[in-house]
1. Output the direction-averaged projected area (hull surface divided by four) of the convex hull of the alpha-carbon atoms of the stretch 172-244, in nm².
2. Mind giving me the nanometre distance, one decimal, between the label points for residue 346 and residue 395, set 7 Å out from Cα along Cα→Cβ?
3. Subtracting the Cα-Cα distance from 0.36 nm times the residue separation, let me have the gained length for residue 120 to residue 205 in nm, one decimal.
4. Subtract the Cα-Cα distance of residue 337 and residue 244 from 0.36 nm times their separation in residues, and report this length gain in nm to one decimal.
5. What FRET efficiency comes out for residue 327 versus residue 253 if R0 is 60 angstrom and r is the Cβ-Cβ distance? Round to the nearest 0.05.
6. When the Cα atoms of the chain are enclosed in a convex hull and the volume is divided per residue, what value in Å³ results?
7. Please report, to one decimal in angstroms, the Kirkwood hydrodynamic radius of the stretch 411-460 built from all distinct Cα-Cα pairs.
8. Which value, in debye to the nearest 20, gives the size of the charge dipole of the stretch 80-125 about its Cα centre, when Lys and Arg are +1 and Asp and Glu are -1 at the Cβ?
Amino acid sequence: MTERKSVTAAAIAAALLAGCSMIPAYQRPAAPVPQTFAADLPATASALPGWQAYFPDPALHALIEAALANNRDLRIALARVEEARALAGVARADRFPTVAAQADGSRARTPADLTGIGVARTTRRYDVNLGITAFELDFWGRVAALSDAARAQYLASDEAARSFRVSLVGDVASTWYQLAALTEQSQLAGDTLKTREDSLGLIRKRHDAGLASDLDVLAAESLVETVRAQAADLDRQRAQTENALRLLTGMAVPLPAVPAVSRQPALAELAPGLPSEVLLRRPDVRAAEQRLIASNANIGAARAAFFPRIALTGNLGTASSALSGLFGAGSEAWLFQPVLTLPLFDAGRNRANLEVAQARKVQAVADYEKTIQQAFREVADALAARTTYRAQLTAQEANLRAQHALLERVKAREQAGLASYLEVLDASRGAFGAEQAVVASRLQLVGAEVALYKALGGGA
């Protein structure tokens, strides 16, 4: 009974022993970016709404929800999170002893010339025991460091999936607005084509009556075919954009009717605040930091490899030469086998592994800092784009008004015989280009607002 207690106490002690951690103290690197995005922006950030509030169109809501439920790339990212979570569970389990029950039996025959008594012998053995096998006493924190690294990798995968989710929401919205712009441009091209075909018919009638020259007819035909080619190109872009949107949504829902981009609801006004606040929002930055924490923990595991490793094997049970005697009096059996392993010569393997871990941490620090700098740039670019596209749209709208006024005046002059039809065609061409430019500028502005929302970590 005393021996059984000693084995049990050893097993319990093995489970409770905690080691000395060799993990270096973690310190978050300073963010290598300016303290503010722009001098004229307020330091206080506006509240970042969820994507349901930021994108007010219900039709777009349905597409984003379909993408979040059916996009295959997102499913892959979420499956990788589950894989990392399971691996972290495996690493954590190594910190505890594995207790297993085992039953086995064996029969062996020894020839007569090997028994020493000149008679062949058949032996039998049956065992039933409960014990632990090769459980490492983590004095130096090697197993704990590996567990911490696996957990950090899991958290990094989780943040990476959140980052992909943000990108997916933004990509669906961007594609939706692009489709809206192409729809509006196609409608403008169709209306313009019909108008110019009607004009071509009138010019041909005037030509037959001797009131228009061959040059007028050729110019009108050229203008019609130019618009026809632009309309075909817009139809192609629209079809390809619809296909892209179907792929993003996992082809799970039919595409709704898309209103023109000029009739889309306005998005909320966003102020980024200080860069430090933006970094807390962005899951890709948090993922990079978790990867840095994992590399820091791996250094601790590599350092611990230089120190002795103690593994414990022990079991307690019963053994007998016959099944009927397994649980009889005097059949108790036990084993207690600690093993101490001290690295003496490994041809520099442990040193090289430590250098690998240290080099990977340097890479992780650089990756973390680069991610912060990239995040800063994306926000700054989106802010600059939002400001300049607004000014550009204002100028394009003013130009459109001027082009329409010019077209009306040239038409009046042509009807009065003071201008040629070629001047009307030139003015018509300018008005059509201005209309298309206004739609493109509206798309660029809303695209900048979507990019800013993504850069600020929206949708996470």
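Read the figures in this text as sums done on the coordinates, not as results from a lab. Nothing here was measured: the structure is a model prediction, and the numbers come from that model. In this analysis, Cβ positions are derived from the backbone assuming ideal geometry, glycine residues included, and neighbour counts consider all displayed protein chains.
1. Details: hull surface 18.6 nm².
Average projection, Cα convex hull of the stretch 172-244: 4.6 nm².
2. Using points 7 Å along Cα→Cβ, the separation is 6.5 nm.
3. Gain on extension, residue 120 to residue 205, equals 18.3 nm.
4. Numbers: separation 93, 0.36 × 93 = 33.48 nm, distance 6.34 nm.
So the chain would gain 27.1 nm between residue 337 and residue 244.
5. Working: r = 66 Å, r/R0 = 1.10.
Between residue 327 and residue 253 the formula returns 0.35.
6. Spelled out: Cα convex hull of the chain, divided by residues, is 277 Å³.
7. 13.8 Å is the Kirkwood radius here.
8. Working: 9 positive and 5 negative charges, 33 e Å.
Dipole magnitude for the stretch 80-125 comes out near 160 debye.
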